[in-house]
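Take a look at the structure set out below.
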Amino acid sequence: MSDTSQNADKYEAAVSTSEQVAEFEDTHKGFVGQLQHILHVNPSFVPLIVLVSAIVIFGLLLGSKFFSPFALTLILQQVQIVGIVAAAQSIVILTAGIDLSVGAIMVFSSVIMGQFTFRYGIPVPIAIACGLAVGTAIGALNGWLVARVKLPPFIVTLGMWQIVLATNFLYSANETIRSQDIEKNAPLLQLFGSKFNVGGAVFTVGVVFMLCLIFVLAYVLRHTAWGRHVYAVGDDPEAAELSGVNVKKTLIQVYALAGLICAFAGWALIGRIGSVSPTSGQLANIESITAVVIGGISLFGGRGSILGTLFGALIVGVFTLGLRLLGADAQWTFLLIGILIIAAVATDQWIRKVSG
Amino acid sequence: MEPILKGRNLVKRYGRVTALDHCDFDLMPGEILGVIGDNGAGKSTLIKAVSGAVIPDEGEVWLNGEPVNFISPIDAREAGIETVYQTLAMSPALSIADNIFMGREIRKAGFMGKWLRQLDRSAMERFARDKLSELGLMTIQNINQAVETLSGGQRQGVAVARAAAFGSKVIILDEPTAALGVKESRKVLELIQDVKSRGIPIILISHNMPHVFEVSDRIHIHRLGKRLTMIDPKDHSMSDAVAYMTGAKEPEQMVAA
C-alpha cells in the first residue's frame, strides 16, 4: 500500500485490492435523536417544514384566494429583492461574518445605473456594468478590511453602510429618476420587472433570477471546492488555513461576490419599483438577516444551506400576504416573524448539540 | 547519511521572547524522531518553522538536501510534509471526506469537472474510506458524518489518516495522544508504527514520555529554544530525559546528530 501514499493519483488501485471498507454502523437513537441527526445533515428541513405548513394553513383558512397560482407567485414577486439580497447575506454569514451594508450597496448600485444613464448619457448596458462593478468593488473592500486588516465584519460593514448610504445621497442629490423616463429611454434598466404569464401564475425576470441565483449558489456551495472552503472558513478559520485553504482570499471573494449580488439586487430593485430612488430598500439589511436566520443558517458560521434562506424569505412572504388577506393587523406579521427568529436560533443551538 | 529534513541556526522571536535561539534540527530518513521539552521550550515553534506555519527570522531549512523557504503550511504540504496539529485542524461541521480532502479536492473529469468545477464526491469518499480502513479505523460509522460527531480518538485517527494519505516525505505529529484515553492512544501509536513501516519518517512531539520512548528511534531534547542534545531511547532512561529537559542534569556527550 505504500505506493498509494506516495502517489495519490493512483488511489484507485488501492480501492480494488482492499475488500474491507469502513462500514456504516446503524445505531438506534430513538426518534428525537434521529430527527436531530436528519436536521444536522439537512439544516434546511426546518424552514421547509415551516413553509409548507404555513402554505397549507393559510390555504385552508383562505381557500382559493390564497391557494392560487396568482397569489403564490405574487409572494415570489414580493420576496424577490429580499431573496437576492439574502443570498448575498447567506454566503457572508456562512463565513461567520455579517454584512450590514447589503442594502446600501444595493441602492447605491441602482442609483449608479440610473444616474450614469441619465446624467452622463452612458449607454445603458455600460451603465449597468458600472453599477455591478461598483457593487463588487465595495464588497471587495469590505472583504479586504475583514480579511487583511482583520477588523470585525460587524464593524466594517456598519461603517460601510453609513459611508455608502451617505455617498448615495450626496451623489444622487436625493433625486429620483421617474419610472416613465426609464420606460421611455432605458427600458433595459427595468428588465427584471418584465412579467410573463404561465397559466395564471405571473413571473417576473427578477423572480426567475432569484431562483436561478439560489440554485447556482446552492450548487457552488455544495459541489465545488470553493464552496467547501467557504464552509470551512466559517467553521474554523485556523483549521481551514492549516489544512490548506487560502482563508483571506476566500473571505475577500465571498464579500466581493456578496457585493456583486447586491448590485444585481439593485438592478432588480429598479424593475420592481420602476423608478430609481435613493431612499428605497432601507429595510433590506434587516429583512435579509431575518430570512437567513429563519432559513436556519447559523450566525456562528459554517452551518446551514442557502436553500434554507430561500425558504426563510418565502416564509416571511407567505406570512405577510396570508395575514394581509385575512385582514389582520400588519403588526401580527412582525410578531410572528419575531417568534420565528427566536425559534430558528433555538433550533440551531439544539441541532449543534450533537453527541453522535 | 543526509537528513531528509534539516534545520540550521533557526531563530524566531515574538516581541521580546525568543522562542527559537539558533536551533538545529535533523530528521533522518525512515526514522521516528521524538521531540520533547518542557512547556515553553519552543518545541511547537520549531516544528512550525520546519513545516511552514511560522517563518523563521533567521536560519535555513533543507528538505532532501535542497534549501526550502516555506511561507505557508500549503507550501510545505506541496513539498510532501504533512502535519497533524494538536488542534487537529479539522472543520467540525464538515464530513470526514470533506476534511480529508480540504484544500486538495478531486474534481470530476470532463465537462462537469472542468467547466462546472464539480467535485468527484464518490472518488473522494472511496479514497477516504479506503485510507481509514487501511489504518484500521473501522468503527467510523459513515464517511459522510460530520467530524464533530466522532470521538476524540476517531478524530485523531482521521487526522493521522489524512496525513498518512498525502504525506510523501515527512509526517509531523504534534501531541497526538494528549487528549486521548489509554485505548485510543494505543491505537494512535499503532498508526504511527504503521506509517513508519511504509518508510515515511515521522516527527513526534509529545509530553508523554512512555509514548515517546516506546516508538522513537532517536529523541531530540529541546531546552530554552535550542536543541540540547539527541539521545537514543535505548541507552537512556526517562528520568535522564526529564533531567535534561528541566536542566537538572547536563548531557555528557552528544549522540551523532
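A few notes on this one:
- Only one entry of B:248, B:241, B:178 meets the criterion of being aliphatic (A, V, I, L, M) and assigned to a helix (DSSP H, G or I), and that entry is B:241.
- For residue A:236: the one exception among (1) modelled with pLDDT of 90 or more; (2) within 14 Å of another protein chain (Cβ to nearest Cβ); (3) open to solvent by 50 Å² or more (accessible area, probe 1.4 Å); (4) in contact with a helix residue (DSSP H, G or I) (Cβ under 8 Å, 6 or more places away or on another chain): (4)
- Selection of segment B:20-54 for residues being out of contact with any Lys or Arg (no Cβ under 7 Å at 6 or more places or on another chain), small (Gly, Ala, Ser) and in a loop (DSSP other than H, G, I, E, B) yields B:30, B:40, B:42, B:52, B:53.
- Selection of segment B:88-125 for residues being assigned to a loop (DSSP other than H, G, I, E, B), more than 7 Å from chain A (Cβ to nearest Cβ) and open to solvent by 30 Å² or more (accessible area, probe 1.4 Å) yields B:106, B:108, B:109, B:115, B:116, B:120.
- Residue match in segment A:266-284 (condition: surrounded by fewer than 21 Cβ atoms within 10 Å (Cβ to Cβ) and among the small types (Gly, Ala, Ser)): yes
- Taken together, the criteria exclude residue B:158 from residues that are open to solvent by less than 30 Å² (accessible area, probe 1.4 Å) and either more than 22 Å from residue B:73 (Cα to Cα) or in contact with a strand residue (DSSP E or B) (Cβ under 7 Å, 6 or more places away or on another chain) (or both).
- Filter result (acidic (Asp, Glu) and open to solvent by less than 60 Å² (accessible area, probe 1.4 Å)) within segment A:321-356: A:348
- When the residues of segment A:299-320 are filtered to those that are open to solvent by less than 30 Å² (accessible area, probe 1.4 Å) and not hydrophobic (A, V, I, L, M, F, W, C), the one that is nearest to the other protein chains (Cβ to nearest Cβ) is A:302.
- Qualifying residue in segment B:174-192 (condition: within 11 Å of chain A (Cβ to nearest Cβ), open to solvent by 50 Å² or more (accessible area, probe 1.4 Å) and at pLDDT 85 or above): no
- Entry remark, segment B:67-78: residues being at pLDDT 90 or above and over 21 Å from residue B:19 (Cβ atoms) number 1 in total.
- Within segment A:193-252, being of a type in the set (S, T, N, Q) and over 30 Å from residue B:77 (Cα atoms) holds for A:194, A:197, A:204.
- Some residue of segment A:74-95 being within 14 Å of another protein chain (Cβ to nearest Cβ), closer than 21 Å to residue B:145 by Cα, modelled with pLDDT under 75 and part of a helix (DSSP H, G or I): no
The rows are residues; the columns are (1) within 14 Å of chain B (Cβ to nearest Cβ); (2) closer than 23 Å to residue A:72 by Cβ; (3) open to solvent by 50 Å² or more (accessible area, probe 1.4 Å); (4) of a type in the set (S, T, N, Q).
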| residue | (1), (2), (3), (4) |
| --- | --- |
| A:187 | no, no, yes, no |
| A:204 | no, yes, no, yes |
| A:218 | yes, yes, no, no |
| A:221 | yes, no, no, no |
| A:249 | yes, no, yes, no |
| A:256 | no, no, no, no |
| A:263 | no, no, no, no |
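- Just one of the numbered conditions (1) more than 11 Å from every other protein chain (Cβ to nearest Cβ); (2) assigned to a helix (DSSP H, G or I); (3) surrounded by 20 or more Cβ atoms within 10 Å (Cβ to Cβ) is not true of residue B:130: (1).
- A search for C-beta distances below 6 Å between a residue of segment A:20-39 that is at the interface with chain B (Cβ under 8 Å from one of its Cβ atoms) and any residue that is assigned to a helix (DSSP H, G or I) and at pLDDT 50 or above, counting only pairs 6+ apart in sequence or on different chains, returns A:20/B:133; A:21/B:129; A:21/B:133; A:22/B:129; A:22/B:132; A:22/B:133.
- Which listed residue is within 24 Å of residue B:84 (Cα to Cα) and within 14 Å of another protein chain (Cβ to nearest Cβ), from B:216, B:168: B:168
- Residue in segment B:64-72 that is in contact (Cβ under 8 Å) with a residue 12 or more places away in the chain, more than 14 Å from chain A (Cβ to nearest Cβ) and within 22 Å of residue B:221 (Cβ to Cβ) present: no
- When B:218, B:223 are checked against the criterion of being crowded, with 18+ Cβ neighbours inside 10 Å and closer than 10 Å to residue B:32 by Cα, a single residue qualifies: B:218.
- Pairs where the first residue, in segment A:60-87, is touching a residue at least 60 places away in the same chain (Cβ under 8 Å) and the second is assigned to a loop (DSSP other than H, G, I, E, B) and surrounded by fewer than 18 Cβ atoms within 10 Å (Cβ to Cβ), C-beta under 6 Å, 6+ apart: A:69/A:200; A:70/A:200
- Screening the candidates A:57, A:126, A:155 for the property of being at pLDDT below 95, open to solvent by 10 Å² or more (accessible area, probe 1.4 Å) and assigned to a helix (DSSP H, G or I) yields one hit, A:57.
The values are calculated or read from the model by the stated rules, or taken from the named source; none is laboratory data. Predicted model, so just to flag it, every value in this text is computed and none were measured. No Cβ is skipped: glycine too gets one built from the backbone with ideal geometry, and neighbour counts run over all protein chains shown. In case anyone asks, the SASA skips ligands and DNA or RNA and just uses the protein heavy atoms, side chains included. Shrake-Rupley method; radii C 1.70, N 1.55, O 1.52, S 1.80 Å.
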